[in-house]
Amino acid sequence: MNRCKKIVILVCVFLTALNVVACGQATGDEVVNTDESSVNQQESSVLTVEATDLEIKEDETVNADESSVNQQESSMQTVESMNLETEEDKTIGVEKSNVETSENIDTEMTTEELLDLFINGSISAISSEDSAFYITDLDMDSGEWDSYSIGERVDLDNDGENELIICGPYGGIYLDVRNNKVYEFAVGEGDSLVLSYVFYNGSTWIMYSNRMYAGYEAYHMEKFEGADNLVSEINFHEELVDEDNVEGKEKYTLNGTEISYDEYFQLCSKIFATEVTTTK
């Protein structure tokens, strides 16, 4: 009986020992697993922080790029706005200048003042074909044979006020002021109509000359009393009797009537002594 109890006790002790060992191993495994889990959580946290930092840096880079682009666009818009404002200011300035000039012209101005405005490019002149032109439309002072230059102011139409001479090809252009505007009074129109002016019998005359052909010369003179009031004309010319014989006899005419050489010579001597050419 005592032996059986001893055996039972030994078996119980042995089983208890096994349970203790098993529990120890389980506890060790739990400790290891807990440590590994903690390590994994730390690594995960580190990765999460690094990813967050990377995303923040990327966001900062993107934001910086967008800010730079926005600043560039803003700068460009500012420059464009400034340029637009400058152009608008120029346009407004020109419009104001034109309005002021127009307002000045609406009031009565002197002949000299209007001619000055034309020379300065502020107003236009009206051609014989009723078209407007500015001094900037002319080739001024380039030195070429067909360029123009500002000439004298002379009373060309005998009205007591001076006209402006624009020297140039074929005698240039003569400008007159009437009705508070500048008008083309006379203009040279080629080798057959070279413009000049003369003082004859106490008045100023406009003269057109034609010396295009050998053995032929023709002159037409006009006397005005006011630019729109033609009061007298003179025509005189010389030509060969036989156009095919340049050494042949010549005939001379005054206003359609044949005159002698001496009469023609005296007339020409008197007229050409006072001629003023305005080609340059």
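Nothing in this text is a laboratory measurement; each read-out follows from the coordinates by a stated rule. None of these values were measured; they are calculated from a predicted model. In this analysis, Cβ positions are derived from the backbone assuming ideal geometry, glycine residues included, and neighbour counts consider all displayed protein chains.
Output the relative contact order of segment 117-186, whole-number percent, from Cα pairs under 8 angstrom with separation of 6+ residues.
Working: 120 pairs, mean separation 17.0, N = 70.
Relative contact order here is 24 percent.
I want the local charge near Met221. Using Cβ-Cβ distances under 14 Å, sum +1 for each Lys or Arg and -1 for each Asp or Glu among the other residues. Numbers along the way, then the final one.
Details: positive: Lys223, Lys270; negative: Asp157, Glu217, Glu222, Glu233, Glu275.
Computed value for this residue: -3.
For segment 162-280, what is the relative contact order in percent, using Cα pairs closer than 8 Å and at least 6 residues apart in sequence? It would help to have the intermediate numbers written out before the result.
Details: 239 pairs, mean separation 26.3, N = 119.
Over segment 162-280, the number comes to 22 percent.
Cα gyration tensor of segment 176-228, axes a ≥ b ≥ c as square roots of the eigenvalues: rounded (a/c below 1.5), prolate (a/b > b/c) or oblate?
Working: a/c = 4.15, a/b = 1.72, b/c = 2.42.
Verdict is oblate for segment 176-228.
Using 0.36 nm times the number of residues separating Thr274 and Glu152, minus their current alpha carbon distance, what extension gain do you get?
Gain in length upon complete extension: 42.4 nm.
Please give the contour-minus-distance gain from Met140 to Leu230: 0.36 nm per residue of separation, less the Cα-Cα distance, rounded to one decimal in nm. Display every interim value, and only then the final one.
Details: separation 90, 0.36 × 90 = 32.40 nm, distance 3.03 nm.
Length gained, Met140 through Leu230: 29.4 nm.
Calculate the length of the line joining the C-alpha centroid of segment 148-188 to that of segment 217-280, in whole Å.
Here the answer is 23 Å between Cα centres.
Test of the criteria: in segment 168-212, which chymotrypsin sites (Phe, Trp or Tyr not before Pro) are in a DSSP loop and have at most 13 other Cβ atoms within 10 angstrom of their Cβ? Could the numbers behind the result be given before it?
Numbers: sites: Tyr170, Tyr174, Tyr183, Phe185, Tyr197, Phe199, Tyr200, Trp205, Tyr208; in loops: none.
Passing both the DSSP loop test and the Cβ count: no residue.
Starting from the amide H of Asp139, placed 1.01 Å from N in the peptide plane, find each other amide H under 5 Å away whose residue is 5 or more places distant or on another chain.
Close amide H contacts, sequence-distant or interchain: Tyr148.
Could you give the C-alpha radius of gyration of segment 129-256 expressed as a fraction of 2.2 N^0.38 Å, taking N as the number of residues it contains?
Normalised by 2.2 N^0.38 Å, the Cα Rg of segment 129-256 equals 1.21.
What is the extension gain from Glu247 to Ala214, computed as 0.36 nm multiplied by their sequence separation minus the C-alpha to C-alpha distance, in nm to one decimal?
Numbers: separation 33, 0.36 × 33 = 11.88 nm, distance 1.05 nm.
That pair, Glu247 and Ala214, stretches by 10.8 nm at full extension.
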